[in-house]
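Below is a structure I'd like to ask you about.
The values are calculated or read from the model by the stated rules, or taken from the named source; none is laboratory data. Computed from a predicted model, the values in this text were never measured in an experiment. Reconstructed Cβ throughout: ideal geometry from the backbone, glycine too, with neighbour counts over all protein chains shown.
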Amino acid sequence: MSRQKLILMDDAPLNMFHIRITALTFGSNFSDGYALGIIGMALSLLGPQMKLGPLWNGLLGSSALIGLFFGSLILGGLSDKIGRQKIYLTNFVIITVASALQFFVQDPVTLFVLRLLIGFALGGDYAVGSTLLAEFAPKKYRGVLLSSLNVLWTVGYVISNLVGYYLGKSGSDSWRWMLVSAAVPAVIVLILRIGTPESPRWLLKMGRKDEAQEIIKKHIGPSIIMDENVSAGDQSTYRMKDLFNKQLWRRTAFGGLFYVCQVIPYFAIYTFLPTILEKMGFTETFAVDMFLNLFLLVGAIAGLWCTEKLSRRGFTIYTFVILTITLFLLSVLPAGSYTSSIIIFSIFTFVMSAASNLTLVYPAELFPTEIRGTGVGVVTAISRVGSAIGTFLLPVSVSSFGLAPSIIGMSFVLLIGTIVSIAWAPETKSLALNEASNPIPDDKKNGQDQIISRNVNS
């Protein structure tokens, strides 16, 4: 009788299927970055044409973020009931159609509704896409694969600025072409996602063991088996309130607060970056904007290395400290300090972009399979409430109180994130994905997170 070496799914070698799932999940992050960047560029033309005030500028700037809240909350929870794959595909049908319809809008209300729909689908994809990727990814590569999604968000944002700048030269109606251009990457992603398999971890939890193992065999390898302590057929009913039980409430609270404290200043600042640079006294705002975009891109790439080499907890705390200090310094610099402003703003941008990788890694590692989609959806929804409020309030705040007080307010948000992370951030880097269901204190793990592949009789 021959002996075959079976390898647990968490310890599987990286293969082209893992790369494909990562690439397909890039779609939502690229589209989200593009949607955020392009609305900021479009509003500079759309606003005067439709005679929009600070209120409508804030609403349209935050509309996709409001939709993200509802989408991540509703579709994330739904994915724990009906599976990941259906939602993973349907999201981009909605994004493609709503993006194309933006070309025909005649009033801010219609545009607001369409961008709510785009945000709704993107929110669902944030919850479902990162969950699906996390459930396929081997433990060793999970962090770098998830954090690489942030690089594509940044690429989408930077490209939208370039597209917006050059389309803006073509006339007063060029904002329509800016907005409809988001349909191009969306339809490509939609086509490529056809045929994506269901998560085998979810299938196993639904008692569909044979289907789960067939997907693993086909896409990951014939010698790969499901982690032994994932109970086949364990169909216990999990509800959203379980995220707040005594085992998980701290992780839920940390996930939501750390996420929201990071994205409030991120989305608010980079949605209205040209306006902020103008308020700071820069005359060539596009050149400075592109310079900072370069730091966004380089920071996102550097964040991949940090995610791989640094602990989750340490990376989170140290970046919050740096972000708090640099943003506060920007608020107190005297007028005309252009060189100092660019240096400090560049440091802030670089660190913010690197730290944003964590928002796509941490949430999927905090929760067990049975409620992972709901958990990721809830913390993403919390973050989008904050980012939508921050993006809505920034133009109103700058108009009412000035730029410096508005930046000080965002520095305080980052300070809260620092305190929350010091108090509650868990270390999840080396945990097998199924161990999120039974969090073990770091000082008591004693290597329990190491799952060993073994030889068995075939």
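In the set Gly390, Gly377, which member is buried (at least 21 other Cβ atoms within 10 Å of the Cβ), in contact (Cβ under 8 Å) with a residue 60 or more places away in the chain and under 22 Å from Met280 (Cβ atoms)? Working first, answer last.
Values: Gly377 fails: under 22 Å from Met280 (Cβ atoms).
Checking each option against the conditions leaves just Gly390.
While we're on this one: If you take the residues of the range 171-227 that are among the hydroxyl-bearing types (Ser, Thr, Tyr) and closer than 17 Å to Leu89 by Cβ, which of them is surrounded by the most Cβ atoms within 10 Å (Cβ to Cβ)? Don't jump to the end; show me each part of the working.
Looking only at the range 171-227, we keep the residues that are among the hydroxyl-bearing types (Ser, Thr, Tyr), and these are 172, 174, 181, 196, 199, 223.
Remaining after also requiring closer than 17 Å to Leu89 by Cβ: 196, 199.
Values: Thr196: 17, Ser199: 26.
Applying the filter and picking the extreme gives Ser199.
Could you count how many residues in the range 71-104 are surrounded by fewer than 19 Cβ atoms within 10 Å (Cβ to Cβ), touching a helix residue (DSSP H, G or I) at 6+ places or on another chain (Cβ under 7 Å) and among the aromatic types (Phe, Trp, Tyr)?
Residues meeting the conditions: 1.
Here's a check for you: in the range 303-329, which residue that is in a helix (DSSP H, G or I) and modelled with pLDDT under 90 is surrounded by the most Cβ atoms within 10 Å (Cβ to Cβ)?
Restricting attention to the range 303-329, the residues satisfying the condition of being in a helix (DSSP H, G or I) are 303-309, 312-329.
Then drop every residue that is not modelled with pLDDT under 90, which leaves 303-309, 312.
Working: Gly303: 29, Leu304: 18, Trp305: 13, Cys306: 20, Thr307: 27, Glu308: 14, Lys309: 10, Arg312: 21.
Among them, the one singled out is Gly303.
Yes/no matrix, rows are residues, columns are (1) modelled with pLDDT under 80; (2) hydrophobic (A, V, I, L, M, F, W, C):
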position	(1), (2)
Asn357	no, no
Val361	no, yes
Leu366	no, yes
Thr369	yes, no
Gly373	yes, no
Val378	no, yes
Ser397	no, no
Ser411	no, no
Val420	no, yes
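Within the range 102-198, which helices (runs of 4 or more DSSP H) (wholly inside it) include 1 or more residues that are among the hydroxyl-bearing types (Ser, Thr, Tyr) and over 20 Å from the mean Cα position of the chain (by Cα)? Give the derivation first.
Numbers: elements: 108-136, 139-167, 174-180, 183-193.
So the answer is 108-136, 139-167, 174-180.
Would it be correct to say that Thr237 is more than 30 Å from Asp10 (Cβ to Cβ) and at pLDDT below 80? Show your work before the answer.
Working: more than 30 Å from Asp10 (Cβ to Cβ): no; at pLDDT below 80: yes.
When the stated conditions are applied, Thr237 does not pass them.
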